[in-house]
Structures are given as C-alpha cells and as structure tokens.
Amino acid sequence: QVQLVESGGGLVQAGGSLRLSCAASGRTFSSYNMGWFRQAPGKAREFVAAISTNGGLQRYADFVKGRFTASRDNAKNTVYLQMNSLKPEDTATYYCAATMGIIWSAPRVYDYWGQGTQVTVSS
C-alpha cells in the first residue's frame, strides 16, 4: 500500500504560478510511475501530466503544455507539478496518483490516489 498526500494548492490570480507537491509513504516510491489529474465540479476527472519512475519520461495534456512541468525527487518520495501562466479554467481539485503499470492518461490504470488539493484561479 502507498499513501499519497497533495499540498500546495491555493488561490492565485490569472497569470500566476503555483507548485503542487505530492508526498508518498513507503520505501518503494521509485518503482511507481506518477500521474497528476484534476476534477472541476460537475466534470469528469481529467489527465494533466505523468512522469516516469526516474523522471526521464513526461507526458502532458494538450491544455497544459508549455505551462505545467512535472518533476520528482525520489530521495524525498515526492513528485511536483509546477504550474505557470494559470488560467481560470485551471480551477479544479488536483490529485496525484501512482501506478506500477504503464504511464497512461486513463485514471483506471492508477492504483493509489491522494485526497486532492484545491487550486482556484481568479480572473
């Protein structure tokens, strides 16, 4: 079992930046591919970004390319999502997730999920 805890969300004006963190329990963090997802009220959960076990492979949703960057520090059991040039439509609850399977955009492939952190972007 792996437990994930997100942090770093908050309220920011359009054009601003936030860095989300996801801290993982356990001693096998480096074995997991990690994903970031978000969900706004009344909408389905959607893929944001993913990063491979060593950080060498990253994937991003089209709507965040050039603005968001995923990274990880395996020594700290932590993954990050740097969010720049934020837009009001980025407002959502952001979740991190872990899988020992393939990097993929579908939530179903992820085995462990955090509780989420709220990001609100004002216009």
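The values are calculated or read from the model by the stated rules, or taken from the named source; none is laboratory data. Keep in mind the model is a prediction, meaning the values are calculated, not measured. Glycine also receives a Cβ, built like all others from the backbone with ideal geometry; neighbour counts cover every protein chain displayed. Calculation scope for accessible area: heavy atoms of the full protein, side chains included, ligands and nucleic acids excluded. Shrake-Rupley method; radii C 1.70, N 1.55, O 1.52, S 1.80 Å.
Just to verify a result, which residue in the range 16-45, among those that are among the small types (Gly, Ala, Ser) and more than 19 Å from residue 118 (Cβ to Cβ), is farthest from the chain's Cα centre (by Cα)? Quick ask: steps written out before the conclusion?
So the first thing to find is which residues in the range 16-45 are among the small types (Gly, Ala, Ser), and the list is 16-17, 21, 23-26, 30-31, 35, 40, 42, 44.
If we keep only those that are more than 19 Å from residue 118 (Cβ to Cβ) as well, we get 24-26, 30-31.
Details: 24: 13, 25: 16, 26: 19, 30: 16, 31: 17 Å.
Filtering first and then ranking leaves 26.
Entry remark, the range 66-75: residues being in a loop (DSSP other than H, G, I, E, B) and either within 15 Å of the chain's Cα centre (by Cα) or closer than 19 Å to residue 99 by Cβ (or both) number 1 in total.
Please verify whether residue 123 is in contact with a helix residue (DSSP H, G or I) (Cβ under 9 Å, 6 or more places away or on another chain), at negative phi, touching a residue at least 24 places away in the same chain (Cβ under 8 Å) and open to solvent by 10 Å² or more (accessible area, probe 1.4 Å), treating the condition exactly as stated.
Spelling it out, residue 123 is indeed in contact with a helix residue (DSSP H, G or I) (Cβ under 9 Å, 6 or more places away or on another chain), at negative phi, touching a residue at least 24 places away in the same chain (Cβ under 8 Å) and open to solvent by 10 Å² or more (accessible area, probe 1.4 Å).
The lone criterion from (1) buried (at least 19 other Cβ atoms within 10 Å of the Cβ); (2) of a type in the set (Val, Ile, Thr); (3) over 15 Å from residue 18 (Cα atoms) left unmet by residue 109 is number (1). Residues that are of a type in the set (Val, Ile, Thr) and open to solvent by less than 50 Å² (accessible area, probe 1.4 Å) were ranked within the range 1-48; the one that is farthest from residue 59 (Cα to Cα) is 12. Taking the criterion of being farther than 23 Å from residue 121 by Cβ, touching a residue at least 40 places away in the same chain (Cβ under 8 Å) and of a type in the set (Gly, Ala, Ser), the residues of the range 24-66 that qualify are 24, 25, 26, 30, 31, 52.
Being hydroxyl-bearing (Ser, Thr, Tyr) and within 17 Å of residue 110 (Cα to Cα) is the filter; apply it to the range 49-76 and report the residue that is surrounded by the most Cβ atoms within 10 Å (Cβ to Cβ). Of everything passing the filter in the range 49-76, 60 is surrounded by the most Cβ atoms within 10 Å (Cβ to Cβ). Screening the range 87-106 for residues that are assigned to a loop (DSSP other than H, G, I, E, B) and either closer than 29 Å to residue 30 by Cα or at pLDDT below 95 (or both) and picking the one that is least open to solvent (accessible area, probe 1.4 Å) gives 106.
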